[in-house]
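S.K.: My questions all concern the structure below.
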Amino acid sequence: MSDAQIGRRALLRGAGGLAALAALPSLAACGTGTSRVSSGSGKGGGKTVVVRDSGGSYGAALQKAIYTPFTQETGIQVKVLNLDDAPLLAQIKQGRPQCDLINNSMMSHFKYAKQDALEALDRDRLKSVKSAKIPEAQVTDHAIGHSFYGQCIAYRTDAFGGRKPESWADFWDTKAFKGSRAMVHPDGDLPELEFALLADGVPMDKLYPLDVDRAFKVLTRLRPRIKKFWDSGPLPGVLLSRQEVTMSTVWDGRIADLQKQGVPVERQLDGTRRQFSGYAIAKGAANLDAAYRLMDFSLRAESQANLVKFFPSNPSSPVAYGKLTEEQRNASAGAPKYYDKGFDTDVDWWLKNESAVTKRWLEWARG
């Protein structure tokens, strides 16, 4: 779906253990310090704020939807760095962070906070959190979630004689819904244990802590029909387009691109796994006040809705969806009619267990 998501494994791979932070691999589409500066006129003179994002088409969308309007409103110039985790953390620990504001996964922010690399947030300086009605689960002491991507089912609409899969149980039912399947490889995203448990009848609100043994038993039932484990966002679409599989797990925003290409595919959002990205402020940020102002501006419902015009984003703010067209709203996995069908990834559980689960998954896949 996005450059940010293509780099998910780069973010999550380091989440398995805090001791490995210094060795985190690169973010996709990131350099080691490339930058750009927003243009626009307004108040504020020569003030600047430095924000880290993942660049690519996502960074370009942020420029149009967030950074340029912010500069026009405040006069504060926005400088952007596409900086990898390891050098950024090293800078913060040395007391010389190049970035003020960090746009990253909430999982990475949890890691940073445990390394004392983020400022404790003063919520009184972030008025948008309340006005945008950002879910309390995405408001932490050090970071606030601004959007999410959903992992769900994609299927060929011409594969099942007009029948539509309605659940993860149907994904596992290769008799009623014939054909091969594709699921994610740990190099693409978190192993999909939650989907196996949902297929086996575990309610969404009872998923965590995950029953790992049970999940792998369920995965083993499907293993003979899993043709491919995908490790990048476009691959599920390729497999579906070539009719190599009839169903695949997928990042929800990829479906619209496939449909525009004329591929007969649809998504099923029941049991969608949500993973959030958020903003945090680097410990020792040189431009602290400007960082708070850009963060507050970015979290506005209007700003989150504006980003959707340039990028297939799912805002964290429920208010933002009321500012979208019906077409934009229906395309978003975060729309009110879809939201309760999905669940939030338990970041704490995955931080503690990802390394062990990934090791077991690799052994299982080879088996």
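S.K.: Taking 0.36 nm per residue of sequence separation and subtracting the Cα-Cα distance, how much length would be gained by fully extending the chain between K114 and A60, in nm to one decimal?
M.R.: Working: separation 54, 0.36 × 54 = 19.44 nm, distance 3.05 nm.
Difference between extended and current length: 16.4 nm.
S.K.: Hey, another quick one. Can you give the net charge of the other residues whose Cβ lies under 14 Å from the Cβ of K130, counting K and R as +1 and D and E as -1? It would help to have the intermediate numbers written out before the result.
M.R.: On the way: positive: R123, R125, K127, K133, R300; negative: D122, D124, E136, D296.
Within the 14 Å Cβ shell, the charges total +1.
S.K.: Turning to a different aspect of this structure: What is the local net charge at V319, summed over the other residues whose Cβ is closer than 11 Å to its Cβ (Lys, Arg +1; Asp, Glu -1)?
M.R.: Values: positive: K130, K133, R300, K323; negative: E302.
Net of charged neighbours comes to +3.
S.K.: Same structure again: For segment 78-156, just the Cα atoms, rotate onto the principal axes and tell me the three extents in Å, largest first.
M.R.: 50, 36, 28
S.K.: Another question, if that's okay. Enter the angle in degrees (range 0 to 90, nearest 10) between the Cα long axis of helix 347-366 and the first principal axis of the Cα atoms of the chain, meaning the one along which they spread out most.
M.R.: Helix 347-366 and the main axis of the chain meet at about 40 degrees.
S.K.: Let me ask something additional. Starting from one equal scatterer on each C-alpha and no solvent at all, send me the Debye-based log10 I(q)/I(0) for segment 198-258 at q = 0.19, 0.23, 0.29 Å⁻¹, two decimals.
M.R.: Listed by q, the Debye log ratios stand at -0.86, -1.00, -1.13.
S.K.: Moving to a separate point now. Could you work out the helix-only [θ] at 222 nm for the chain, with each DSSP H run of four or more residues adding -39,500 (n - 2.57) and the total divided by the number of residues, to the nearest 500 deg cm²/dmol?
M.R.: On the way: 17 runs with 133 residues, N = 367.
So the helix-based figure for the chain works out to -9500 deg cm²/dmol.
S.K.: Keeping the other protein chains in place, figure out the carbon and sulfur percent of the accessible area of segment 249-367, with a 1.4 Å probe. Numbers along the way, then the final one.
M.R.: Details: 2330 of 5000 Å².
With neighbouring chains kept in place, the figure for segment 249-367 is 47 percent.
S.K.: Rounded if a/c is under 1.5, else prolate if a/b is larger than b/c, else oblate: which is segment 102-214, with a ≥ b ≥ c the root eigenvalues of its Cα gyration tensor? Let's see the in-between values first.
M.R.: On the way: a/c = 2.69, a/b = 2.21, b/c = 1.22.
In terms of gyration-tensor shape, prolate.
S.K.: So, one more: How far apart, in nm, are two points set 7 Å out from the Cα along the Cα-to-Cβ line at Q328 and at A256?
M.R.: The modelled label-to-label distance comes out at 0.9 nm.
S.K.: Throw me the Rg/Rh for segment 211-367, computed over C-alpha atoms with Kirkwood Rh, two decimals.
M.R.: 1.02
S.K.: While we're on this one: Distance in nm between label sites at K217 and A90, each 7 Å beyond Cα in the beta-carbon direction?
M.R.: Inter-label distance under the simple model: 4.7 nm.
S.K.: Could I have the simple spin-label model distance between Q72 and K227, label points 7 Å from Cα toward Cβ, reported in nm to one decimal?
M.R.: Using points 7 Å along Cα→Cβ, the separation is 4.7 nm.
S.K.: Same structure, new question: Per residue, how much accessible surface does segment 277-367 expose to a 1.4 Å probe? Answer in Å², no decimals.
M.R.: On the way: 4030 Å² over 91 residues.
That works out to 44 Å² for each residue.
S.K.: Residue separation times 0.36 nm, minus the C-alpha to C-alpha distance between R163 and K178: what's the value?
M.R.: Details: separation 15, 0.36 × 15 = 5.40 nm, distance 1.11 nm.
Using 0.36 nm per residue and subtracting the Cα-Cα distance, I get 4.3 nm.
The values are calculated or read from the model by the stated rules, or taken from the named source; none is laboratory data. Keep in mind it's a predicted model, so treat the numbers as computed, not measured. Note that we place each Cβ from the backbone using ideal geometry, even for glycine, and neighbour counts take in every protein chain shown. Areas reflect the complete protein model, heavy atoms only, side chains present, ligands, DNA and RNA absent. Shrake-Rupley method; radii C 1.70, N 1.55, O 1.52, S 1.80 Å.
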